[in-house]
Amino acid sequence: MSTKYRKLTLYLASIDEAEWTATFNEIENVLGFSLPESARQYQAWWSNQMRSQSLAWQSAGWKATALDLENERVTFVYVAGEERDEVPQSSPMTIQEAKERLAATFGVDPSQVEITIRA
């Protein structure tokens, strides 16, 4: 996943509600930069198509469901499962567990996932 939208991923992962309706300005505040013009003009930008921006919400277990381009609002719904705390944030995870979870999220074989840790 692109690190460009990582702040949105982290923000959505921290929300306890099952739905979040946000203005484009609220999303920009989370991201720390302006959304591209295409986000304001094209519904396709908000589609759940595993693009860099949609991976930001999809990898956190969310789906964009309602878009209002005229009023610059979008609704995200949590879809990853019933339990929001299946894996506590503070639980340490092995590299292999992380690879398996990433592979499941992106629908690939764990052997295709590489993790690089830079200190």
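Of the set (1) within 17 Å of residue 15 (Cβ to Cβ); (2) more than 11 Å from the chain's Cα centre (by Cα); (3) among the small types (Gly, Ala, Ser), all apply to residue 64 but (2). Candidates are the residues of region 87-108 that are surrounded by 10 or more Cβ atoms within 10 Å (Cβ to Cβ) and outside any helix (DSSP H, G or I); the one that is modelled with the lowest pLDDT is 87.
For the structure I just gave you, tell me whether residue 47 is small (Gly, Ala, Ser) and touching a residue at least 12 places away in the same chain (Cβ under 8 Å). Yes. Scanning region 14-72 for residues that are over 27 Å from residue 107 (Cα atoms), assigned to a loop (DSSP other than H, G, I, E, B) and of a type in the set (Gly, Ala, Ser) turns up 32, 34.
Among the residues of region 40-63, how many are among the hydrophobic types (A, V, I, L, M, F, W, C) and within 17 Å of residue 6 (Cβ to Cβ)? Here the count works out to 6. When residues in region 40-53 are screened for being crowded, with 20+ Cβ neighbours inside 10 Å and small (Gly, Ala, Ser), 0 of them pass.
Which residues, counting only those in region 1-26, are touching a helix residue (DSSP H, G or I) at 6+ places or on another chain (Cβ under 6 Å) and either surrounded by fewer than 13 Cβ atoms within 10 Å (Cβ to Cβ) or in contact (Cβ under 8 Å) with a residue 60 or more places away in the chain (or both)? The answer is 2, 12.
The values are calculated or read from the model by the stated rules, or taken from the named source; none is laboratory data. Note that the coordinates shown come from a computational prediction; the quantities given were computed from them, not determined experimentally. Glycine gets a Cβ as well: all are built from the backbone with ideal geometry, and neighbour counts include every protein chain shown.
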